[in-house]
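Working notes, structure below.
Values quoted throughout were computed directly from the atomic coordinates according to the rules given, and no laboratory measurement underlies them. Being a predicted model, the structure only gives us computed values, none of them experimental. For neighbour counting, all protein chains shown are included, and Cβ atoms are generated from backbone atoms with ideal geometry for every residue, glycine included.
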Amino acid sequence: MRLTVKLYGTLSRSFDGYDHSSGFEVIMPEEASIHDLLEYLNLPSERLGMISMDGRLLNKKSRLKDGAQIKIFQPISGG
Amino acid sequence: MEPINAAGAFPTRNAREGQFEDADKISGETMAQIIKSRGGKQTHKGCAQCIINCSNEYVDEQGKYVTSSLEYETIWSMGGMLGNNDLDAIAQLDFLCDDIGLDTISTGVAIAVAMDAGYKEFGDAEAAIEMVEDVAKGTEFGKLIGHGPEQVGKHFNHDRVPVVKGQSIAAYDPRAINGMAVTYATSPVGGDHTAGFVVETNLEAFGGTLDRFSAEGQVEASRNAQIHMVLVDTVGICDFAQTGFGAPDGVGNVCKMVVAKSGKPFSEEDWTDIGKRVLQIEVEFNRKAGFTKEQDRLPKMFYEEPLPPYNKVVVISDEEMDTTFNFFKE
């Protein structure tokens, strides 16, 4: 399945040529999970905060959908 | 911004929704790109010796200075809360508030209430700028905006006014994060997210253990955050710098700093004791000024209007709210 991935905060620094306005496309096998995606992108889980798919937060049980837009965030703090 | 927007907790168009479809046009990442491409400062040192460098300098297309620093709450109050996706207009609104001497949250929400009451359309950035300029001009409407969202709501006889004790809530909708419902409702200072910030505790992805749509554990979380925050404010630590408390022995280290400065003993027990005492003094002041527990409630919109896209409401009961300060001494 095809996914569009956008990386937030400083997560994109390890991706050369990353353009935040479009993100980038990732092709994953049909039954791929979030865990598979993160492993593929080489994003260690301790660096990550929330992950959303088409505007909804994912939890550990969520399945990825073909054509979805995935946003990956770092932990945030703030006011 | 985008994480809170993804959580459906980003109050949009006077909190009619919790997600703004144009959040990516006004997000921190977009702002950083714009500032960089125009030659502004994505980061700079606001406070001497600090390593966080939370400030920025927003510039226009000609590279000319507009405002500093343009922060999340303002981008929310003048952006999502107004249905406004124009970051240049938001920067201009931030400048105007600084120039005139207005709080950006209160002013943005005052405009949002006016728009929600039909005075102008949501998304009309020019109208928002005119309303703020009117405050400086001293027009009748300008004076109304200058008095804040509660007065604007009364003027229009509008029933959707997101204030507690006369002060607006902030950029975290309580229906999507029930812990913030407790803080907004019970804090002696009125709607204030910093008084007892429990957002991370409510977000599983950030190591939070509370279900943000449930009442369980929320009162305790807000109570503890409010007690803690009293001391953070009292010793004068910046709200961003207080992430340092997450380090091992964070509170202990700050207590050592207090001892070093004061020359007197100061322990972690003192930390919470003082927090409790101050909250009690503040609430007693409010009571003497005429506030009752009826003011420790959110406006009914938060209990009755499900917030899209997750379509939940605040589920903290009045009885539970009233247990927040159960540590007060006779």
Query - Charge tally in the Cβ shell below 13 Å around B:W271, where Lys, Arg are +1 and Asp, Glu are -1, B:W271 excluded - result: -3
Query raised in the report: Can you work out ³J(HN,Hα) from phi for every residue in segment B:57-66, in order, using Karplus 6.51 cos²θ - 1.76 cosθ + 1.60 and θ = phi - 60°, giving whole Hz and x for Gly and Pro?
Result: 10, 8, 10, 8, 4, 8, x, 8, 4, 10
Query raised in the report: In terms of the Cα gyration tensor, with a ≥ b ≥ c the square roots of its eigenvalues, is the protein assembly as shown rounded because a/c is under 1.5, prolate because a/b exceeds b/c, or oblate?
Result: rounded
Query raised in the report: For chain B, what is the convex hull volume of the alpha-carbon atoms per residue, in Å³?
Result: 149 Å³
**Report entry** Compactness relative to 2.2 N^0.38 Å, alpha carbon Rg of segment B:1-121
**Finding:** 1.05
Query raised in the report: Of B:K45/B:K261; B:K64/B:K165; A:K61/B:K312, which pairs sit farther than 28 Å apart, going by alpha carbon to alpha carbon?
Result: B:K64/B:K165
Query raised in the report: To the nearest 20 debye, what is the magnitude of the charge dipole of segment B:158-248 about its Cα centre, counting +1 on the Cβ of each Lys and Arg and -1 on the Cβ of each Asp and Glu?
Result: 180 debye
Query raised in the report: Which of the GluC sites (Glu not before Pro) found in segment A:10-79 are loop residues per DSSP with 11 or fewer other Cβ atoms within 10 Å of their Cβ?
Result: A:E30, A:E31
Query - Distance between segment B:240-255 and segment B:42-120 - C-alpha centres, whole angstrom - result: 30 Å
Query raised in the report: Taking the Cα atoms of segment B:79-227, what is the range of coordinates along each of the three principal axes, in descending order and whole Å?
Result: 48, 29, 27
Requested in this report: Could you tell me which of A:S12, A:L37, A:M1 has its Cα farthest along the dipole of segment A:1-54 towards the positive end, charges placed at Cβ (Lys, Arg +1; Asp, Glu -1), taken about the Cα centre?
Outcome: A:S12
Query raised in the report: Taking Cα pairs under 8 Å and at least six residues apart, what relative contact order does chain B come out at, in percent?
Result: 15 percent
**Report entry** Alpha carbon Rg of segment B:218-285, scaled by the compact-globule rule 2.2 N^0.38 Å
**Finding:** 1.12
Query raised in the report: To the nearest 500 deg cm²/dmol, what mean residue ellipticity at 222 nm is calculated for the protein assembly as shown from DSSP H runs of n ≥ 4 alone, each contributing -39,500 (n - 2.57), summed and divided by the residues?
Result: -11000 deg cm²/dmol
Report task. Would you mind calculating the relative contact order of segment B:114-268 from Cα pairs under 8 angstrom and at least 6 residues apart, reporting the percent as a whole number? Result -> 12 percent
Requested in this report: Please report, in debye to the nearest 20, how large the charge dipole of chain B is about its Cα centre when each Lys and Arg carries +1 at its beta carbon and each Asp and Glu carries -1 there.
Outcome: 740 debye
Query raised in the report: Taking the Cα centre of the protein assembly as shown as origin and charging only Cβ (+1 Lys, Arg; -1 Asp, Glu), how large is the dipole, in debye to the nearest 20?
Result: 620 debye
Report task. Please name which of B:V189, B:G142, B:G208 has its Cα lying farthest along the dipole of segment B:125-215 towards the positive end, using unit charges on Cβ (Lys, Arg +1; Asp, Glu -1) and the Cα centre as origin. Result -> B:V189
Requested in this report: Give me the compactness ratio for chain A, meaning the Cα radius of gyration over 2.2 N^0.38 Å.
Outcome: 1.04
